Every structure is written in structure tokens, then in C-alpha cells.
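Input: a single structure, listed below in C-alpha cells.
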Amino acid sequence: MRRRDFIKSIGSAIVFSQIPFSACQVSQTRYLKGDEKILFIGDSITAAGYYVNYMEAYLNSIFPDNHFDIINLGLSSETISGLSEEDHPFPRPCILDRIDRVLELVKPDLVFACYGMNCPIYHPFSESRFEKYKNGIDVLIRKTKIAGAKLILLAPPPYTKESSSTESNENEIHNYSYLHPYARYDDVLKQYASYIMGLQSNNLLCIDLRKAMIPYKNIAYGSDPIHPLPCGHYVMAMTILNALGFYPEAEKAAIDYESEKSISGKITALRFSDSLSFDWETKPLVLFKEFEDFPPEIKNLYLDHSNMIIQVKALPKDKYKIFEDLTLVRFASNTELNNGITVFAVDGLDQKTLPPFIMRALKGSKLISQKRKLEKLITSYLQAPHTIQEIPEKVYDTYEKRNEIHNQLKQGRRTQLMNLQLLEFQ
């Protein structure tokens with residue numbers, strides 16, 4: 001599924017009071033104007049951090065001059081309903097027990113919350129459990145409003161274990177748990193997701209991750225029916241970005257060799273001699289090592305969103321090497337360059353020698369991952385039943401270290417200037 005089909009498939013996953021999705025993409029940018037502090041909370045899907053990482057990298061790329069501060073305090077096993085199944089190794093934590101401390105520490109401008117997977121505690125549907133979920137969502141809405149933050153609710157992704165037409169354990173098992181879930185548990189989650197989407201209003205944006213993920217469930221999940229693979233997190237990140245009105249696209253530089261002029265792209269220092277060389281100003285590349293393992297359908301989506309395309313018309317020779325700062329990027333034929341060729345493919349990222357633009361991208365993704373590790377520590381510290389006034393000093397110390405890494409990220413968000421050369425080879 002390519003980019004256009006992807007946008008079509010997720011467009012209906014977002015409810016905008018019966019207004020067509022395309023008509024709302026501009027207005028939804030009011031949620032992100034630049035320099036916001038953005039908090040993510042949720043269960044183990046959010047705690048895994050992949051979709052948060054990808055969103056952060058894309059926002060840095062789309063807005064290199066803004067400084068979004070993204071903080072992930074998702075917690076494994078967490079609910080918003082306060083419920084826990086008997087067979088769980090420990091009582092499930094509830095976000096409502098720590099939300100005051102989290103909001104006080106972070107002081108976010110915007111909060112993304114994704115709850116629902118654990119909240120029915122893997123049981124058949126129950127009105128009493130559903131009421132606890134709805135009450136928890138209501139409390140979160142009130143508390144974020146009091147804290148002066150906007151809230152965006154993410155409807156939970158699907159539970160992807162298929163039950164057979166004859167399978168039903170509703171009357172056979174009573175101690176349901178994540179180890180022994182109700183056979184039609186995804187039907188229960190569907191009702192929870194529908195409730196979230198029904199809360200959509202002019203003041204509350206709701207994004208249906210469930211509907212967006214269903215077309216990809218055969219490739220976005222492995223043997224674990226709860227937790228998406230990184231490629232599934234990529235679909236989640238794109239769904240959220242698109243709902244906010246942002247559509248990452250590949251960048252293109254076009255040059256006419258015969259007239260010695262640039263056609264498109266921010267090209268400077270264009271030089272024609274034995275080789276063609278030029279400087280190209282581009283947005284920072286989004287690249288994580290796990291992208292190399294994406295299935296083709298999602299890898300193609302990523303390339304549509306993120307690649308850089310070079311087109312050079314009327315070249316005199318048949319074959320060329322493309323270099324960045326004397327490092328080989330790729331080989332290309334005259335025909336490929338005339339039609340437009342992507343600068344890189346998502347493979348070979350473990351090579352010792354990589355072009356500088358790839359090295360810069362991987363450095364940025366590494367810093368994001370380092371920041372997430374410190375945020376996991378902060379999350380674990382905030383679990384303890386302290387009052388706001390009793391937040392341990394180690395929380396503030398770790399938060400300061402995390403901010404130091406964030407400041408390093410800020411320095412690398414600027415647009416990059418690539419020096420490219422095309423050399424003929426036989």
C-alpha cells in the first residue's frame with residue numbers, strides 16, 4: 001500500500017463531526033504551533049516507545065526550526081480503569097494514581113493518552129468494567145484541563161489473535177487474564193474504541209488507531225497479539241501525524257545539465273566541470289535502524305514519506321557515481337537520473353562507512369532512544385505513592401539529564417546542507 005492509499009485508508013479512522021477528513025487537515029494544525037511540550041501516557045504499547053520516537057523524529061524534520069519537547073511516560077501493564085485480573089503478577093497500575101505527579105513534573109502543553117488494551121482485563125464485556133473505563137477517561141479529561149493542557153485521545157489498537165468460529169471460552173474460564181484472554185477479546189476492545197471516538201468534539205480530538213491498524217494487522221504484528229511490531233508503530237505514528245494535518249513527503253532536487261540550471265529544490269553552489277556538484281539544503285532525514293527490517297509494504301510507505309530524490313536531465317554520459325563529501329552514496333544510470341532516483345535504500349545501515357546524511361540521521365535517532373531510557377526511569381520513580389510535594393529528588397535529577405539529551409537533539413534539528421557530486425564511471 002503506497003502513500004496515497006495509506007492516507008485513504010486512515011482518513012476514515014478519524015472522526016471530525018461528519019466533516020470530510022481532507023477538509024480538516026489544516027484546522028487540526030492548531031494542536032501544534034511550535035515549541036510545545038508534548039506528553040505521551042499509556043500502557044506497554046506506549047511504553048515501548050516506537051511510535052513516539054517516530055513522531056518526534058518527523059516533527060523535528062517537518063519543523064526543524066521549532067523545538068517540540070516530547071516526553072514519553074507510558075507504563076507497562078497500566079490501565080485507566082483501576083482494574084486488574086487475578087492472574088496478573090502484580091496489581092495493574094492505574095494512571096489516575098500518578099497523573100497529578102506527572103502533570104506537575106512535566107507541565108505539558110499537549111497530552112496524548114492511549115488506554116484500553118488492558119482496561120477490560122482480558123474478560124468478556126461487562127457494563128461495570130466499562131463504566132470504570134469511562135469514569136477514568138472523564139477524570140483524565142478534567143485533570144488535563146485543570147493543568148492547562150490540551151488532550152488528544154488515541155483509541156486502542158486491535159487485539160489480533162483470531163478466534164475460530166467454534167471457539168468460545170466465555171462459559172469455561174472465569175479467571176481470564178492476558179495469559180488466558182477471552183476468545184473474542186477484540187470485540188470487547190472494539191466497543192472501548194467506539195466509546196473513545198464518540199467523545200470527539202471541537203475541543204477534544206480523538207484518533208482511531210484501531211481502524212488504522214486493522215488493514216495492516218497481518219504484517220504489523222508477530223506472535224504477540226497485543227503489542228505491534230515497530231512497523232506497526234510506524235503506521236500508528238503516521239496516523240497521528242496525518243490526523244494533526246501533517247503529511248511528510250520525499251524531497252526532490254532537479255537540475256537541467258544542458259542549461260546548467262536548477263529546476264527545483266534548495267540548490268546552491270551548482271558547478272559544472274568534469275563532474276556535476278552542488279549543495280542541497282534539505283530537512284533532517286528520519287531514519288531508525290529498525291526500518292531496515294520493515295516489510296516491503298511499510299518500507300515503501302516510509303520511503304514515500306522520507307526519501308530524497310535527485311533528478312538530472314540531459315546528462316552526457318551513461319553511468320554515474322553519486323557521492324556526498326567524497327563518500328559513495330550509490331550508482332546510477334543516465335536513465336535513472338533523468339527520471340529521478342532515490343538517494344538511498346533502507347539497507348546496509350550496519351556498514352562502517354555511511355554517507356554523512358545517514359550518519360546524522362542515525363545519531364539523531366540514537367539520541368531519541370537515549371532520552372526514552374531516562375524517561376522510563378522517571379516513570380518508574382513516579383509510580384511510588386508520593387504526593388506532589390514529595391516527588392523524589394532523583395526524579396528531578398533524572399529529568400535534568402534527560403533535558404541535556406533533548407538539548408543535544410535541538411542542536412541537530414537544523415536543516416542539513418548536503419554537498420553532492422556526480423562522477424562519470426565506466
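Just so it is clear, none of the values below were taken in a lab; they were calculated from the coordinates. Everything numeric in this text was worked out from a predicted model, so none of it was measured. Cβ coordinates were reconstructed from backbone atoms using ideal geometry, including for glycine residues, and neighbour counts include every protein chain displayed.
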statement: Whole-Hz Karplus couplings 3J(HN,Hα) for region 264-278, θ = phi - 60° and coefficients 6.51, -1.76, 1.60, Gly and Pro as x, run 8, x, 7, 10, 9, 6, 6, 10, 10, 8, 5, 9, 9, 9, 6
message: Quick check on the chain: take the gyration tensor over C-alpha atoms, sort the square-rooted eigenvalues as a ≥ b ≥ c, and tell me if it's rounded (a/c under 1.5), prolate or oblate.
response: prolate
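Order 76-82, 51-57 from most to least packed using the mean count of other Cβ atoms within 10 Å.
Working: 76-82: 21.7, 51-57: 25.9.
The densest-packed peptide leads the list: 51-57, 76-82.
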task: With a point put 7 Å past each Cα toward its Cβ, work out how far Lys266 is from Lys394 in nm, to one decimal.
output: 4.4 nm
- prompt: Non-local amide H neighbours of Lys266 (under 5 Å, H modeled in plane, Pro and chain starts lacking H): which ones?
  reply: Glu281
- request: Quick one: which residues, 5 or more positions from Ile341 or on another chain, have an amide H under 5 Å from its amide H? H modelled 1.01 Å from N in the peptide plane, none for Pro or chain starts.
  value: Ile310, Gln311
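Could you tell me which of rounded, prolate or oblate describes region 184-265, using a ≥ b ≥ c as the square roots of the eigenvalues of the alpha-carbon gyration tensor, with rounded for a/c under 1.5 and, failing that, prolate when a/b is larger than b/c and oblate otherwise?
Values: a/c = 5.48, a/b = 2.04, b/c = 2.69.
It comes out oblate by the Cα gyration axes.
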message: Which residues does the label zone of Asn403 cover in region 99-125, counting backbone N under 20 Å from a point 7 Å along Cα→Cβ?
response: 100-111
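List the relative contact order of the chain as a percent without decimals, with contacts defined as Cα pairs under 8 Å and 6+ residues apart. Mind dumping the intermediate values first?
Working: 778 pairs, mean separation 77.8, N = 426.
It rounds to 18 percent for the chain.
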- prompt: So between Asn175 and Glu127, what do we pick up on full extension, going 0.36 nm a residue minus the alpha carbon distance?
  reply: 15.5 nm
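Taking each full run of DSSP H in the chain as one helix, which ones are at least 30 Å long along their axis (Cα atoms) and have mean Kyte-Doolittle hydropathy of at least -0.5?
Numbers: long enough: 356-382 (39 Å, -0.11).
Long hydrophobic helices here: 356-382.
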message: How far apart, in nanometres, would the label points at Ser44 and Phe90 be if each is projected 7 angstrom from Cα along the Cα-to-Cβ direction?
response: 1.3 nm
field: Amide hydrogen neighbours beyond the local backbone of Phe40, cut-off 5 Å, H modeled
entry: Ile71, Asn72, Leu73, Phe112
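Stretched out fully, how many nm does the piece from Tyr247 to Glu162 gain, at 0.36 nm a residue minus the Cα gap? Before the final figure, lay out the partial values.
On the way: separation 85, 0.36 × 85 = 30.60 nm, distance 3.26 nm.
Using 0.36 nm per residue and subtracting the Cα-Cα distance, I get 27.3 nm.
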